[in-house]
1. Got a number for residues in the range 71-104 being loosely packed, with under 10 Cβ neighbours inside 10 Å and of a type in the set (A, V, I, L, M)?
2. Could you look through the range 109-127, keep only residues that are surrounded by 11 or more Cβ atoms within 10 Å (Cβ to Cβ) and not aliphatic (A, V, I, L, M), and pick out the one that is farthest from His32 (Cα to Cα)?
3. Looking at Glu61 and the list (1) in contact with a helix residue (DSSP H, G or I) (Cβ under 6 Å, 6 or more places away or on another chain); (2) touching a residue at least 40 places away in the same chain (Cβ under 8 Å), which single condition is not satisfied?
4. Can you tell me which residue is farthest from Glu83 (Cα to Cα) among those in the range 22-70 that are surrounded by 14 or more Cβ atoms within 10 Å (Cβ to Cβ) and among the basic types (Lys, Arg)?
5. Mind listing whichever residues of the range 118-136 are within 30 Å of Ala107 (Cβ to Cβ) and in a loop (DSSP other than H, G, I, E, B)?
Amino acid sequence: MASPMSFLGKIFTWWDGATIGTSLWSSRNGEHVGTDAQGNKYYRSRNVKEGQRERRWVIYEGSNDASRVPSEWHGWLHGSYDELPESHLPAPKIWEVDYTPNATGSANRYLPAGALERGGKRARATGDYEAWTPDA
């Protein structure tokens, strides 16, 4: 059974998965068409009226981060093609790596040598760099 805090989180927050309202709306109006390797679930509208475009959406497993949508599903979501990605995916290449989440704002973010968090010191400029001084 889910904890009370988990239940409240589903009512009041949207940034860590779907809210209860989104889940209910998706179950009533959407057709689940697939799930990717990360557990994100993809839906399309059940009833498309004449002249209307089919709506497509994703419900993330975990945090709502658009960089977690694989390229094949991104193309499907944006209508680049109508077939489901799972039906025409090529075999993975040996050089392909697994997904790594966007690390911006986390402890694993990229910090260049001159970043304040790394002491704020950077190597002296060499070569053709000449510092500008006003009135010189």
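Any read-out appearing in this document is the output of simple, stated calculations on the displayed coordinates, not a laboratory observation. Fair warning: this is a prediction, and the values are worked out from it, not measured in the lab. With ideal geometry, Cβ positions are generated from the backbone for all residues, glycine too; neighbour counts draw on all protein chains shown.
1. Number satisfying all stated conditions: 3.
2. In this case the residue turns out to be Arg122.
3. (1)
4. Of everything passing the filter in the range 22-70, Arg68 is farthest from Glu83 (Cα to Cα).
5. First pass over the range 118-136, keeping only residues within 30 Å of Ala107 (Cβ to Cβ): 118-125.
Answer for the range 118-136, where residues must be within 30 Å of Ala107 (Cβ to Cβ) and in a loop (DSSP other than H, G, I, E, B): Gly119, Gly120, Lys121, Arg122, Ala123, Arg124, Ala125.
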